[in-house]
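So the structure is just underneath, and the comments pick up after that.
The values are calculated or read from the model by the stated rules, or taken from the named source; none is laboratory data. What you see is a predicted model; the values in this text were computed from it and never measured. Cβ coordinates were reconstructed from backbone atoms using ideal geometry, including for glycine residues, and neighbour counts include every protein chain displayed. The accessibility values were calculated without ligands, DNA or RNA, using every heavy atom of the protein model including side chains. Shrake-Rupley method; radii C 1.70, N 1.55, O 1.52, S 1.80 Å.
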Amino acid sequence: MRTRSRSSRFGVALRCARAGFSLIEMMAVLVIVGLMATIVAVSWKAMLPHEELHSAVRGLAAALQSVRSEAIARNGEFRLEYDLEHHRYRTVTPFKAGGGLAAREEERLPMAWVDFPKSVEFQRVLIDGIEYSRGIVFVRFDPLGSASGHTITLVQMPDKNAYTIDVQGLTGLIDYHEGIFVREPPTDADFN
């Protein structure tokens, strides 16, 4: 049986005690990891500056398409309300809470409000040629698929990046335009 000398046992113990990290080394690693995380977060935000705007545009476009589809499928006039001061929207059905068609406007069943991200807001809503900037306004979608012709321009602050959704009145179809878009009124030459 082998026995270790006292000095070799002391050397093993000394090596085991030095196997860890000092407090200064751990602090240096934490500082470096923190700096890297900050750089990555800043870079990610810089790489995707329009993401909240694009997400809001996609959400609103999906709501518009859904409202049009529901109006056609359920053979009723559905509405989409825009709250221009609180930067949100919601669907209003032609039905009343207990079921059946609503006989009066105040009986219509509204869905929950959908808020835009904090950096996204309405810049301009143009419905049938009239621009709105305050209050709650609505557009309609009828059972034939047509809609109130309107454009919604959303802007992302503080960069003021804009995107416009254009809903064609006769067909209810949706077009997208980067920036601010204004549809030119038809001329006589358009019908020749």
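Before moving on, here are some points about what is shown:
- Whole-number Å³ per residue for the convex hull built on Cα positions in region 97-192: 146
- In this simple spin-label approximation, GLU178 and HIS87 carry label points 7 Å from Cα along the Cα→Cβ vector, and these lie 2.2 nm apart.
- Most tightly packed first, judged by the mean number of other beta-carbon atoms within 10 Å of their residues, the peptides 87-94, 123-130, 177-184, 59-66 read 87-94, 59-66, 123-130, 177-184.
- Whole-number D in µm² s⁻¹ for region 47-87, Kirkwood Cα-pair radius fed into Stokes-Einstein, 10 °C, 1.306 mPa s: 134
- Backbone amide hydrogens, once placed in the peptide plane, bring ASN161 within less than 5 Å of GLN156, excluding anything fewer than 5 places away on its chain.
- Averaging 1/r over every pair of different alpha carbons in region 22-120 and inverting the result gives a Kirkwood radius of 17.3 Å.
- Calculated FRET efficiency, ARG134 to ASN75, Cβ-Cβ distance, R0 = 41 Å: about 0.75 to the nearest 0.05.
- Rg(Cα) / (2.2 N^0.38 Å) computed for region 66-124, rounded to two decimals: 1.27
- Excluding ligands, DNA and RNA, the accessible surface per residue across region 104-159 is 56 Å² with a 1.4 Å probe.
- Carbon and sulfur %, accessible surface of region 85-192 computed with the full protein complex present, 1.4 Å: 54
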